[in-house]
Amino acid sequence: KTQLKEIDNQLKIQSEESGEPLTALSPMAQVRFLLGSMLMKEAKRLLEEGGDRRQAEALLKGSSGKPGAVQHFLNVFMRYSNTQWAGDAGKYFEEAKKILEDEFGREVKFEATPEQWAKVEAAQFEAAKLAFNQQLYEEAAKKYTKALERFSSSKIAVGALSDLVNCYIELDNDLYADMVVLHIAERYNERPNEMQTAGNTVLHIAAKYSELGRKGKQDEVYEVFFDNFDKHPMTPRL
């Protein structure tokens, strides 16, 4: 713990000095997320198997000065919003909080606000975009997938999905690229506020294949566009 805290403190200092989000590299986020997950898993096992309820409660809320699952998840959610663990930490915090309230009548006063969720959301997508801009496509794909799983209704989801397709194209993973293109078309083609942006995204992907000299894939993407975006302003001309 002493070594991890020292690394964590050094990264915070370097982040402040450089302006770079170096705290995303802190091992404390993953370790605390892991501890919280282990504690909650054991607490749920005890409850499901009719085990020691007092022990289950202590695992969730903490005891004798030792943090429980709730504190670990909350710490990751609030202090490490730019790590890949933050979104799931927020979700599991809410789950642990509900178990304490429903099973033990314990009130957990903290409740994540929309602003706090928005901060975590922004940090998750920013981390993915940073990896994408650095052409770390495999890492970016993992980060985008994680962020989109947790924040599928984000206002920037279409743009994130566009980057994700480009990651898979760069990684020569046609199957995953096709899957995301179809997802964009089928999810957003009937949404008035997002239809045009989604259609533009599909057309940009077709243009990407054209630049790469992949006429067959370009034609496939155009087929997806015509099958799904009959109301798009570009459709008649194309």
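The values are calculated or read from the model by the stated rules, or taken from the named source; none is laboratory data. Owing to the predicted nature of the structure, the values given are computational and were not obtained by experimental measurement. Virtual Cβ from ideal backbone geometry, glycine too; neighbours counted across all protein chains shown. Side chains are part of the model used for accessible areas, which takes the heavy atoms of the whole protein and leaves out ligands, DNA and RNA. Shrake-Rupley method; radii C 1.70, N 1.55, O 1.52, S 1.80 Å.
For the range 143-181, a residue qualifies if it is touching an Asp or Glu at 6+ places or on another chain (Cβ under 8 Å), in a helix (DSSP H, G or I) and under 19 Å from Arg191 (Cβ atoms), and exactly one does: Val158. In the set (1) without any contact (Cβ under 8 Å) to a residue 24 or more places away in the chain; (2) under 17 Å from Leu74 (Cα atoms); (3) under 25 Å from the mean Cα position of the chain (by Cα), Leu11 fails one condition alone, (2).
Give the range 192-238 a look and list any residue that's open to solvent by less than 40 Å² (accessible area, probe 1.4 Å) and farther than 17 Å from Val158 by Cα, or say none. Matches in the range 192-238: Tyr209, Lys217, Gln218, Thr235. Report, by residue number, each residue of the range 1-21 that is in contact with an Asp or Glu (Cβ under 9 Å, 6 or more places away or on another chain) and closer than 19 Å to Ala86 by Cβ. Listed by number, the list holds a single entry, Pro21.
When we screen Asp230, Asp219, Asp163 for residues that are at pLDDT 95 or above and over 23 Å from Glu121 (Cα atoms), the only hit is Asp219. Out of all the residues in the range 98-128, which are charged (D, E, K, R) and touching a Phe, Trp or Tyr at 6+ places or on another chain (Cβ under 8 Å)? Within the range 98-128, just Glu121 meets the criteria.
Taken as a whole, the condition of being in contact with a Leu (Cβ under 8 Å, 6 or more places away or on another chain) and acidic (Asp, Glu) applies to Glu42.
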